[in-house]
Amino acid sequence: MRILIIGANGFIGSNLTQRLLENTDWEIYGMDINTHYLNDYLHHDRFYFTEGDLCINNEWIEYHIKKCDIIIPLVAIAQPKLYVTDPLKVFELDFEQNLKIVRWAHRYKKRLIFPSTSEVYGMCTDESFNEGTSDFVYGPINKTRWIYACSKQLMDRVIFAYGRDYGLRYTCFRPFNWIGPRLDTIESARYGNSRVLTQLITQLLNGKPIQLVNGGHQKRTFTDIEDGLDALLQILTDEASSDKKVFNIGNPNNVCSIEELAEIVRQKYIEVSGKGTNEIPGVETVSEDEFYGSNTGYQDIIHRVPDINLARTKLSWNPSISIEESVKKAVEYFYTHSELPN
Ligand code: UGA
């Protein structure tokens, strides 16, 4: 089997590439503008990698869509700070540039595995979000944070229509705050552009207090990347059970507030660094305007829990990795892959 991963160097892309090379005999074709998370695999004899840009290298992409069996387009801006500072870039990359991939997958009759997002549910008040029944709830237009959710949900709708009306073979998956090694970078965290776990670890690496936006009472469902990859592998190998479906992929056992997450990060940082509790910075509250910038259009999601009955039944998927274990792996990774503070 030949798999095309566009955005192979990203968080999901690099971890998926590693898993597929180690656990299958498939050929992996990858493209990305960066290679820093792929250095260990660039010379693997079943990994065919090209450095390239989704917005530019159309010939390469179309050729490889024709050549491969399954197409996984993972290029997207997925960091909230960028939804509020550069919303048009989010629309152009996440929607416009990915639309051509969807259309080529349809034209060449290829199977498409598309990353939707937990964010499509927005501020939905259901106790747990269901793929088939939950409503999507967003703020007004001046809250630019929602451009990511809108772009992703519009693509979900386009893919659904191609599937229903023209037979596109597809599966959409919705990661719920997947975490682990290679989630964004320490470098992007310096500008507040990483997602929360890497952001928190970087604050400690820099000897700074952990910043809790608006006090950190908002909750997320954190899901270990390896659990997420188990679901993806099942989707890849079992088309009959996953065709024309949208799956929430999140671990409902790992619901926690950002304040609680910060405490786990501090504990794991102490274990990994061998430092004393008093040597590790504490936490501080910052307002959303201080963190994301005033007049930027940030709006938060207070509660986000997936209903995963569909993934449980169709994919026999049962996430098992605890948030403590997951955070520890990420802390170890970034601690050993960064310049340490003096
Ligand atoms: C994320 C991103 O939109 C996407 O990566 C993704 O599709 C989706 O949700 C997901 O991973 O399921 P969000 O969970 O809001 O959105 O993103 P984070 O940046 O990880 O922030 C989580 C929470 O932590 C937010 O309330 C944020 O304000 C807070 N935060 C972030 C802090 O309190 N301190 C920080 O230093 C950083």
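If a residue has to be within 9 Å of the ligand (Cβ to nearest atom) and either of a type outside the set (A, V, I, L, M) or under 21 Å from the mean Cα position of the chain (by Cα) (or both) to count, how many in the stretch 194-211 make the cut?
10
Which members of the stretch 1-14 meet the condition of being in a loop (DSSP other than H, G, I, E, B) and either touching a residue at least 40 places away in the same chain (Cβ under 8 Å) or of a type in the set (K, R) (or both)?
M1, G7, A8, G10
Give me the residue from the stretch 86-108 that is in contact with a Ser or Thr (Cβ under 6 Å, 6 or more places away or on another chain) and within 25 Å of A231 (Cα to Cα) and, out of that set, farthest from the ligand (Cβ to nearest atom).
Per the criteria, the residue is F95.
If you go through the stretch 238-252 one residue at a time, how many are more than 16 Å from the ligand (Cβ to nearest atom), touching a residue at least 24 places away in the same chain (Cβ under 8 Å) and part of a helix (DSSP H, G or I)?
Final tally of qualifying residues: 3.
Collect the residues in the stretch 109-140 that are more than 11 Å from the ligand (Cβ to nearest atom), of a type in the set (V, I, T) and buried (at least 19 other Cβ atoms within 10 Å of the Cβ), keeping them in residue-number order.
Correct list: I113 only.
Any residue at all in the stretch 71-85 that's more than 21 Å from T185 (Cα to Cα) and either among the acidic types (D, E) or assigned to a helix (DSSP H, G or I) (or both)?
no
So which of T50, T17, T35 ends up being open to solvent by less than 60 Å² (accessible area, probe 1.4 Å) and assigned to a loop (DSSP other than H, G, I, E, B)?
The unique qualifying residue is T35.
To keep it simple, each residue is scored yes or no on (1) out of contact with any Ser or Thr (no Cβ under 6 Å at 6 or more places or on another chain); (2) closer than 13 Å to F176 by Cβ; (3) in a helix (DSSP H, G or I).
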{"position": "L212", "(1), (2), (3)": "no, no, no"}
{"position": "R220", "(1), (2), (3)": "yes, yes, no"}
{"position": "D227", "(1), (2), (3)": "yes, yes, yes"}
{"position": "L232", "(1), (2), (3)": "yes, no, yes"}
{"position": "L236", "(1), (2), (3)": "yes, no, yes"}
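The values are calculated or read from the model by the stated rules, or taken from the named source; none is laboratory data. Note that the structure is a prediction, hence the values are computed from the model and not measured. Neighbour counts run over all protein chains shown; Cβ positions are idealised from the backbone, glycine included. Heavy atoms of the whole protein, side chains included, go into the accessibility calculation; ligands, DNA and RNA do not. Shrake-Rupley method; radii C 1.70, N 1.55, O 1.52, S 1.80 Å.
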